[in-house]
Structure formats: structure tokens, C-alpha cells
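Trainee: Can you keep this structure in mind? I'll have questions shortly.
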Amino acid sequence: MTSQNFLESAAKKTSAQLIDHLLDQYHARHREHLPQVAELARQVEASHAEHPEVPNGLTQLLLSMLQELDSHMQKEEMILFPMLRQGRFAQATGPIHVMQLEHREHDASLQRLQATAKNLQLPADACATWTQLYQEVDTFMRELQEHIALENEVLFAARTRDAGQEVVE
């Protein structure tokens with residue numbers, strides 16, 4: 001399924017369905033996957049410290065991204081998503097704006113990740129762990145981009161439009 005088809009399909013879901021999908025497919029996955037990727041980076045940086053193409057600083061960058069993402073996802077889970085599940089769209093516009101700003105920061109972190117990982121170009125003598133590391137970094141980057149697009153282009157966009165139609169009980 002293309003990215004556009006995925007977003008169009010997601011646009012037909014309710015807020016609750018989208019939130020459940022985000023929690024199951026992205027929040028849980030990032031929390032599980034990113035520490036594993038950071039461990040691979042640690043191994044590569046330690047084993048190949050003298051290699052001229054080693055991605056120095058990758059472990060620290062991944063750990064920093066994990067901390068930023070976890071904080072971001074907690075805000076969504078504790079504040080924003082409950083508002084959206086309850087249909088409180090007008091109240092959610094402020095938190096949505098904050099999340100969108102943080103998404104821009106995540107995009108910048110993805111650019112730093114791409115650069116630190118040498119555009120995922122493996123040296124000719126890369127070991128299996130280094131190869132796996134770059135495959136996992138690529139997977140993480142793609143999944144985070146999908147996650148951000150789904151929130152910004154579907155969940156937040158539709159709910160921001162709905163804010164003007166909110167019924168207060």
C-alpha cells in the first residue's frame with residue numbers, strides 16, 4: 001500500500017481507531033525497537049572505534065531521540081489522546097499545536113540521524129552487526145516518518161477541522 005493510500009484509508013477511521021492504531025503500531029514499537037537499535041550502535045561504535053567510517057555519536061543520538069520520543073508519546077497518551085477520544089476537539093487544539101512543533105523537532109532529529117549514520121552507506125568491510133544496525137536505523141526512520149504523517153495529516157488535521165463543529169454537553 002502506498003503512503004497516500006495508507007493515509008486515505010486511515011482518514012476513514014474514527015479518532016479512537018486511529019489512536020489505538022498509533023499506540024499499537026508506533027508507540028509500542030518505538031519503545032521496544034529504539035533501545036535495540038541503540039544497543040547495535042553501541043556495539044558498532046565500540047568494535048570499530050578506529051574505523052574512519054564509524055558512525056561516531058550514533059548511540060547517544062538514538063538514546064536522546066528515545067528520551068524525546070518517550071516524553072512526546074507520554075504527553076499524547078496522558079493529555080491529547082484522552083481529549084480526542086472524548087470528542088473535546090476545541091480543547092485539543094493547543095496540545096495538537098505543541099505536538100506538531102515537536103514533530104518538526106523529530107524531523108530535525110531524523111536529519112541528524114541520517115547524517116550521523118553516513119546516509120546509511122555501509123563501508124565495504126562492514127560486519128554483520130553494522131549491516132543490521134543500518135537496516136534497523138532505516139526501519140526506525142521510516143516508521144517514525146509514517147507515525148508523524150499519520151498524526152499530522154490525518155488525526156490532527158481532521159480533529160482540528162472538527163473543533164469548529166464540537167458539541168459541548
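Trainee: If the requirement is being in a helix (DSSP H, G or I), modelled with pLDDT of 95 or more and buried (at least 17 other Cβ atoms within 10 Å of the Cβ), which of these qualifies: 101, 69?
Mentor: Details: 101 fails: buried (at least 17 other Cβ atoms within 10 Å of the Cβ).
Sole residue among the options that is in a helix (DSSP H, G or I), modelled with pLDDT of 95 or more and buried (at least 17 other Cβ atoms within 10 Å of the Cβ): 69.
Trainee: Now for a different question. Of the numbered conditions (1) outside any helix (DSSP H, G or I); (2) touching a helix residue (DSSP H, G or I) at 6+ places or on another chain (Cβ under 9 Å), residue 50 satisfies every one except a single condition; which is it?
Mentor: (2)
Trainee: Regarding residue 47, is this residue surrounded by fewer than 16 Cβ atoms within 10 Å (Cβ to Cβ), modelled with pLDDT of 95 or more and of a type in the set (Ser, Thr, Tyr)? Full working, then the answer.
Mentor: Working: surrounded by fewer than 16 Cβ atoms within 10 Å (Cβ to Cβ): yes; modelled with pLDDT of 95 or more: yes; of a type in the set (Ser, Thr, Tyr): yes.
It is true that residue 47 is surrounded by fewer than 16 Cβ atoms within 10 Å (Cβ to Cβ), modelled with pLDDT of 95 or more and of a type in the set (Ser, Thr, Tyr).
Okay, residues lined up against (1) outside any helix (DSSP H, G or I); (2) touching a Cys at 6+ places or on another chain (Cβ under 8 Å); (3) surrounded by 15 or more Cβ atoms within 10 Å (Cβ to Cβ); (4) modelled with pLDDT under 95:
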| position | (1), (2), (3), (4) |
| --- | --- |
| 81 | no, no, yes, no |
| 106 | no, no, yes, no |
| 122 | yes, no, yes, no |
| 132 | no, no, yes, no |
| 136 | no, no, yes, no |
| 142 | no, no, no, no |
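Trainee: Is one or more of the residues making up the range 19-27 part of a loop (DSSP other than H, G, I, E, B) and free of Cβ contacts under 8 Å to residues at least 60 places away in the same chain? Reasoning before the result, please.
Mentor: Step one: list which residues in the range 19-27 are part of a loop (DSSP other than H, G, I, E, B), which gives none.
So far as the range 19-27 goes, no, none of its residues is part of a loop (DSSP other than H, G, I, E, B) and free of Cβ contacts under 8 Å to residues at least 60 places away in the same chain.
Trainee: Check 104, 112 and return the single one that is more than 12 Å from the chain's Cα centre (by Cα), over 18 Å from residue 130 (Cβ atoms) and basic (Lys, Arg). I'd like the intermediate steps shown before the answer.
Mentor: On the way: 104 fails: more than 12 Å from the chain's Cα centre (by Cα).
Exactly one residue qualifies, and that residue is 112.
The values are calculated or read from the model by the stated rules, or taken from the named source; none is laboratory data. If you're wondering where the values come from, they're calculated on a predicted model, not measured in any experiment. Using ideal geometry, Cβ is built from the backbone for each residue, glycine included, and neighbour counts are taken over all protein chains shown.
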